[in-house]
Amino acid sequence: MDIYIFSVSGSIVLRILFVNHLLDPVSGGGTAERTFQLARFMTKELVECGILTFDIGDVQAYENKLSGAQVYKLPCVFTRYFIPGPLRRGVARLISEYDVVHLMGHWTLLNAIVAVICLFQNKPYVVCPAGALKSFGRSQWLKRIYDFVIGKRIVRSASAWVAITEDEKPDFVHYGVTPESVVVIPNGVDPDDYEYQILGEYEKQSTLDKRFSLNGHPYILFLGRLDKIKGPDLLLEAFAAVTETFPNLHLIFAGPDSGLMETLKADALTMGVDNRVHFAGYVTGDNKINALRHAKCLVIPSREEAMSIVVLEAGICGTPVIFSDRCGLDEFARNGAGIEIQANAHSIGQALIQALTSPERMRESGKVLKEMVHKSFLWRTQAQRYRALLKKMAD
């Protein structure tokens, strides 16, 4: 089936169905945010959007914020491997009603089912793995089976391919796609989401300071899932190594637990820094903005990540950042928009010393980051790039 983009009274009409197994902002992380924001802003670009997902977590949190985009929720009978319940013909009918399908991620049965239906219907679909083509973490044997049975065909048979960074392009080669065929459309942020809804004293004081009785002492911030792939254990080890140099410094982990919290707490106790390490849980809205704006710096110590959205959130807030060389942020490092480090405790510790002893330099890097974000990393810009890609597919 071809994609038809046509004008009605100057408006472009197109229907795109996003497929992402998780849309819950807590468990879905960056890909859930990307799916939500693209649907939200492409709707503003006169593209009719739908989202097919599982009914897991607080999907309603995003659904309530979408205007003009429809969310279709499927039951999930086994959340460990995201196995859907019995699918009726309605899924195939739903796919047939859209002009193009957009698959987010890679290692999911939902993507496989939708891709097979698309191939059967001769429906064009776009693949955006969001860094997932690199086999990392648990269930390696299962991933090899998935790729052998269907995964490679899903990627190879797509009508278009989207990477989040230039560094992700080579990952497609193993799937029979040349890097030159891949379009880069990065993550983004919406500046309007980072304006305080509550003004006045809220802006002047740190809510985390009050919550954890920091008594005005400085803190560094980790923002993300407490999962080994995100590297919070590396940051904790680095923090413990510099506490004698910075006796008033605190570390705050802000994010949902993905199985590592108790280990981190035990390690903090063993290292003798438990009274200076705090766990804020998942933070959002004004609380996230406040946490970012009052932090000395945000640290992103990920072992593997396509492109961290939290670095863009920090940029909008003018917060200096330290990030690992596994985050797809080489462009930021080249422009002086943060300190890039290796994903190990020693490198992170050295960067913390550099950042905390050079506050003027870090403030300047925060300004550079903010300028970069406003120039090239807004969701409205990425939505326009997607619309241009779809138009190119139709030509």
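The values are calculated or read from the model by the stated rules, or taken from the named source; none is laboratory data. Just so it is clear, the model here is predicted, and its values are computed rather than measured. Every residue, glycine among them, receives a Cβ derived from its backbone with ideal geometry; neighbour counts consider all protein chains shown.
Tell me which residues, restricted to region 9-20, are in contact with a helix residue (DSSP H, G or I) (Cβ under 9 Å, 6 or more places away or on another chain), outside any strand (DSSP E or B) and modelled with pLDDT under 95.
Leu14
Confirm whether Leu46 is part of a loop (DSSP other than H, G, I, E, B) and either of a type in the set (Lys, Arg) or assigned by TED's automatic domain parsing to the domain that holds Ser27 (or both). Walk me through how you get there before you give the answer.
Values: part of a loop (DSSP other than H, G, I, E, B): yes; either of a type in the set (Lys, Arg) or assigned by TED's automatic domain parsing to the domain that holds Ser27 (or both): yes.
For Leu46, the condition - part of a loop (DSSP other than H, G, I, E, B) and either of a type in the set (Lys, Arg) or assigned by TED's automatic domain parsing to the domain that holds Ser27 (or both) - is met.
For beta carbons closer than 6 Å, sequence separation of 6+ or different chains, a first residue in region 255-273 that is in contact (Cβ under 8 Å) with a residue 40 or more places away in the chain and a second that is aliphatic (A, V, I, L, M) and surrounded by 12 or more Cβ atoms within 10 Å (Cβ to Cβ), the qualifying pairs are Pro256/Val26.
So that you can scan it fast, the table gives a plain yes or no per residue for (1) more than 24 Å from the chain's Cα centre (by Cα); (2) crowded, with 21+ Cβ neighbours inside 10 Å; (3) within 18 Å of Gly30 (Cβ to Cβ); (4) touching a residue at least 24 places away in the same chain (Cβ under 8 Å):
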position	(1), (2), (3), (4)
Lys143	no, no, no, yes
Ala158	no, yes, no, yes
Ala163	no, yes, yes, yes
Asp167	no, no, yes, yes
His174	no, no, no, yes
Val184	no, no, yes, no
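Check region 231-242 and report whether any residue there is modelled with pLDDT of 95 or more, within 19 Å of the chain's Cα centre (by Cα) and closer than 28 Å to Val184 by Cα. Explain how you work it out, then say what you get.
Going through region 231-242, the residues modelled with pLDDT of 95 or more turn out to be 231-242.
From what is left, the residues that are within 19 Å of the chain's Cα centre (by Cα) are 231-232.
Pick out the ones that are also closer than 28 Å to Val184 by Cα and you get 231.
Within region 231-242 (the criterion being modelled with pLDDT of 95 or more, within 19 Å of the chain's Cα centre (by Cα) and closer than 28 Å to Val184 by Cα), the answer is yes, since at least one residue qualifies.
Restricting attention to region 82-93 and to residues that are surrounded by 13 or more Cβ atoms within 10 Å (Cβ to Cβ) and either modelled with pLDDT under 90 or polar (S, T, N, Q) (or both), the residue that is nearest to Arg34 (Cα to Cα) turns out to be Phe82. When region 23-51 is limited to residues that are more than 12 Å from the chain's Cα centre (by Cα) and crowded, with 24+ Cβ neighbours inside 10 Å, the one that is nearest to Ala254 (Cα to Cα) turns out to be Leu38.
How many of the residues in region 355-378 are touching a Lys or Arg at 6+ places or on another chain (Cβ under 9 Å) and closer than 15 Å to Ala337 by Cβ? Break it down stepwise before answering.
Just the residues of region 355-378 that are touching a Lys or Arg at 6+ places or on another chain (Cβ under 9 Å), to begin with: 355-356, 359, 362.
After this cut, where a residue has to be closer than 15 Å to Ala337 by Cβ as well, the list is 355, 362.
The total comes to 2.
Looking only at region 106-114, decide whether some residue is in contact with a Cys (Cβ under 8 Å, 6 or more places away or on another chain), over 17 Å from Gly50 (Cα atoms) and at pLDDT below 95. Taking every residue of region 106-114 in turn, none turns out to be in contact with a Cys (Cβ under 8 Å, 6 or more places away or on another chain), over 17 Å from Gly50 (Cα atoms) and at pLDDT below 95.
Of note, Phe377 satisfies the criterion of being closer than 30 Å to Leu14 by Cβ and either outside the structural domain of Ala163 (by TED's automatic domain parsing) or crowded, with 16+ Cβ neighbours inside 10 Å (or both). Within the span defined as region 323-337, one or more residues are crowded, with 21+ Cβ neighbours inside 10 Å, under 18 Å from the mean Cα position of the chain (by Cα) and in a strand (DSSP E or B).
Residues that are under 17 Å from Ala383 (Cα atoms) and of a type in the set (A, V, I, L, M) are absent from region 74-95 altogether. Could you tell me whether region 309-326 includes any residue that is among the polar types (S, T, N, Q), out of contact with any His (no Cβ under 8 Å at 6 or more places or on another chain) and either modelled with pLDDT under 95 or within 18 Å of Ala291 (Cα to Cα) (or both)? Yes, some residue in region 309-326 is among the polar types (S, T, N, Q), out of contact with any His (no Cβ under 8 Å at 6 or more places or on another chain) and either modelled with pLDDT under 95 or within 18 Å of Ala291 (Cα to Cα) (or both). So, in region 346-395, how many residues would count as being farther than 15 Å from Glu331 by Cα and outside any helix (DSSP H, G or I)? Of the residues in that region, 3 qualify.
Counted as qualifying within region 223-309 are the strands (runs of 3 or more DSSP E) with 1 or more residues that are surrounded by fewer than 19 Cβ atoms within 10 Å (Cβ to Cβ), namely 277-279.
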